[in-house]
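Colleague: Let me give you the structure first, and then I'll get to my questions.
Every number in this text was worked out from the coordinates using simple rules, so none of it is lab data. Just so it is clear, the model here is predicted, and its values are computed rather than measured. Cβ coordinates were reconstructed from backbone atoms using ideal geometry, including for glycine residues, and neighbour counts include every protein chain displayed.
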């Protein structure tokens, strides 16, 4: 089914007798979910763009590329650096803005600017009763009761079908620079990234690629004079020798490109940056040499592992209080859940929210973004 407006989405939900799976471009779904697919690509188009107010209102099925082109024409961009996972996941199609928000998809700039949910001003969605719900507006403000705007970000279609989102956008900076240090151990890289992120020099990306020849990267963005000054100050900090790189190295980090086209399971681990080297060491004790990418200074750790790694990976992360998501399964992992188990209290809260927004349990438990 491919509705062309919000009213059709509401009609589909009201008439549904079984599970529904909401699908944008199908570029970043986790696992296979049973249910009748509702494609949101028919809900397309920018309904409002006020460049002076840094505000954009867009229907959920609008391709991200179209949104980015519209903003670029005004010297603006989405602040949260949308990842393109098609290479990693082997998917096709065009990522949609609704799928991005449903997945709270955010790139390396999150460490400084925030995630997609931090730039979400308002939402319209259809809940499990087939009712249209509107929350938020076109400016940042405090809320009382449920903050449905933040709640919908990352909900993966389990609470409702997004039909429209309002976003705060930002100007494109004049320039950027990337500092690179080579050959650091994971421990030394995390220390160096923490030192840079803890400085007053407004780092907008901090990553360490340990997929062969280790390389640590720091990004600075802004006015040319400011970038030059901050680059020099960062190079003067105690620690490794930083070189200024040429070209934009960040799509490689954002899209996890070193793992694209390579066999194995891809895991995304969320944990304290200081815990990342120890977690990697525990995994490598069992699976020596597994490739790793540290993003957000190490708070996000990507791993490429063999198919029989689930117990090891999730055990290593659980010991730190973090969690691991199976982003791409390998052959033989059909029974491994993509999402980590929830703590009892969180599971109870999640179940309560789903009963409120989806009383007939129509929406697939994992959703598709």
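Colleague: Using the scaling law 2.2 N^0.38 Å as the reference, what is the normalised Cα Rg of the stretch 73-119?
Modeller: With N residues counted in the stretch 73-119, Rg over 2.2 N^0.38 Å equals 1.20.
Colleague: If R₀ is 35 angstrom, what is the calculated FRET efficiency for the pair residue 7 and residue 73, using the beta carbon separation as r and rounding to 0.05?
Modeller: The calculated FRET efficiency here is 0.70.
Colleague: If one takes the longest principal axis of the Cα atoms in the chain, at what angle in degrees, from 0 to 90 and to the nearest 10, does the Cα axis of helix 276-286 lie?
Modeller: Roughly 90 degrees between the two axes.
Colleague: For the stretch 1-148, list log₁₀ I(q)/I(0) at each q in 0.13, 0.18, 0.20 Å⁻¹, using the Debye formula over Cα point scatterers of equal strength and ignoring solvent, two decimals each.
Modeller: Ignoring solvent entirely, the Cα scatterers give -0.63, -1.21, -1.44.
Colleague: What 222 nm value per residue comes from the helices of the chain, counting each DSSP H run with n ≥ 4 as -39,500 (n - 2.57) and dividing by all residues, nearest 500 deg cm²/dmol?
Modeller: The helix contribution divided over the chain gives -7500 deg cm²/dmol.
Colleague: Let me ask something else. Please work out the C-alpha center-to-center distance from the stretch 1-64 to the stretch 278-305 and express it in whole Å.
Modeller: If you average the Cα positions of each part, the centres end up 35 Å apart.
Colleague: Express the relative contact order of the chain as a whole percentage, based on alpha carbon pairs under 8 Å and six or more residues apart in sequence.
Modeller: Relative CO of the chain lands at 21 percent.
Colleague: From the Cα gyration tensor of the stretch 155-309, with a ≥ b ≥ c the square roots of its eigenvalues, which class applies: rounded if a/c is under 1.5, or else prolate if a/b is larger than b/c, or else oblate?
Modeller: oblate
Colleague: In addition: Using only the alpha carbons of the stretch 175-254, determine the length spanned along each of the three principal axes and report them from longest to shortest in whole angstroms.
Modeller: 34, 27, 17
Colleague: Normalising by the residue count of the stretch 6-171, find the relative contact order in percent from Cα pairs under 8 Å and 6+ residues apart.
Modeller: 28 percent
Colleague: Take the alpha carbon atoms of the stretch 306-369, find their center, do the same for the stretch 230-251, and report the distance between the two centers in whole angstrom.
Modeller: 37 Å
Colleague: Answer with a single label: of (i) 20.9, 64; (ii) 24.3, 80; (iii) 23.7, 97, which was calculated as Rg and Dmax of the Cα atoms in Å from the structure in view?
Modeller: Recomputing Rg and Dmax of the Cα atoms in Å here picks out (i).
Colleague: Looking at the square roots a ≥ b ≥ c of the eigenvalues of the Cα gyration tensor of the stretch 261-349, which shape do they give, rounded for a/c under 1.5, prolate if a/b is larger than b/c, or oblate?
Modeller: Oblate is the answer for the stretch 261-349, as a/c is 1.5 or above yet b/c matches or exceeds a/b.
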